[in-house]
Amino acid sequence: MVERIKKGKTLHGIVVHGGVAYTAGIGADDIGQDMEGQTRQICAKIDALLASAGSDKSKLLRAEIFITDMARKPDMDRAWLAWLDESDLPARATIGVADLGDPQRLIEVIVTAAC
Amino acid sequence: MVERIKKGKTLHGIVVHGGVAYTAGIGADDIGQDMEGQTRQICAKIDALLASAGSDKSKLLRAEIFITDMARKPDMDRAWLAWLDESDLPARATIGVADLGDPQRLIEVIVTAAC
Amino acid sequence: MVERIKKGKTLHGIVVHGGVAYTAGIGADDIGQDMEGQTRQICAKIDALLASAGSDKSKLLRAEIFITDMARKPDMDRAWLAWLDESDLPARATIGVADLGDPQRLIEVIVTAAC
């Protein structure tokens, strides 16, 4: 069975199948904030998405993090590591990409979690 | 058991394990077409790949869409949303990247599906 | 149950759940080497990561390969195809991205494997 949650116009925010939750790309709602602020917003949105699927941040399997400016990766890391318990850190890749749809959008994150 | 289908020179087009199908990056065969045309071709190729694995587009879990020009995202969306039933939309991320191997190649898509 | 292996400062190198192993983005340790050399290093690191999770390269499901210079894709392919048995090739996507954190870092690879 496939469970689809948090429908938007073009996607579902999170889809669950076989004990695994697959999120969409998650961006900040307020892209006027800096990298650390946008990352904090994304972490809060991941919390909400995972909760809607009966999961939580302690069950993250992998995070794919796309950022438009690698020089700001330390700011992302600060918010990311403040959010997660050290023992629960997921596998993670951080990739520097050209464009996330708006020059102010600095980061977008896809996560996969157990649930 | 791991089932590998549609072998190419460097990859299999789709690999199935544990009730989940993982596709390769799927691009259009005719990259002379525009974003909407390339997306339509990709959707048809996804249909064929999923069918070969005993799945179909109603079982998509996640799509990762890489495009080289974010300004053409609406054209991609048009073809994408015409292809899928609204209730079956997968989790999705659209990432603007530098290069898909040819300046004419505008889009490449990875999907994960239940099967 | 989620098993986390090879902890680093910001991530685990590989996380296992439900018979699937999810790796972090894997880069070469010596980025002074060229594309072929970096790819060879990454393949060796994938071997070690998969072994730590009770898996191996014959069980790869999908590889997502991020490279900063598409012109060097053939050099990556040479090392990649020398490493894998033809019948075990995973689904694969190769995406040209802007930045992997250092101008010398030419390639980073995420893999998903059965285990």
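All of the numbers you see were taken from the coordinates with simple rules; none came from a lab. The shown structure was predicted, so the numbers you read here are calculated from the model rather than taken from an experiment. Cβ sites come from the backbone with ideal geometry, for glycine too, and all protein chains shown count toward neighbours.
The 3J(HN,Hα) values that the Karplus relation (6.51, -1.76, 1.60; θ = phi - 60°) gives for the stretch A:90-98 are, in residue order, x, 4, 8, 10, 10, 10, x, 10, 6 Hz. Gly and Pro appear as x. For the peptide C:21-30, the mean number of other protein chain Cβ atoms found within 10 angstrom of a residue's Cβ is 4.
In order along the stretch B:37-50, the phi-based Karplus estimate (6.51 cos²θ - 1.76 cosθ + 1.60, θ = phi - 60°) of 3J(HN,Hα) comes to x, 5, 5, 4, 4, 5, 4, 5, 5, 4, 3, 5, 4, 5 Hz; Gly and Pro are listed as x. For chain B, what is the relative contact order in percent, using Cα pairs closer than 8 Å and at least 6 residues apart in sequence? It rounds to 35 percent for chain B. Think of the protein assembly as shown as having a plus end and a minus end, set by charges on the Cβ of Lys, Arg, Asp and Glu; of B:Val2, C:Ile65, A:Ser87, B:Val2 sits farthest toward the positive end of this dipole.
Excluding same-chain neighbours fewer than eight residues apart, the lysines reachable from A:Lys7 by a Cα-Cα span under 18 Å are A:Lys45, B:Lys57, B:Lys59.
Once backbone amide H atoms are built at 1.01 Å from N, B:Cys115 has B:Val20, B:Ala21 as its partners under 5 Å, excluding neighbours fewer than 5 places away on the same chain. Counting only DSSP beta bridges whose two residues both lie in chain A, roughly 75 percent are antiparallel. Axis angle, to the nearest 10 degrees, between helix C:73-83 and the longest C-alpha principal axis of chain C: 40 degrees.
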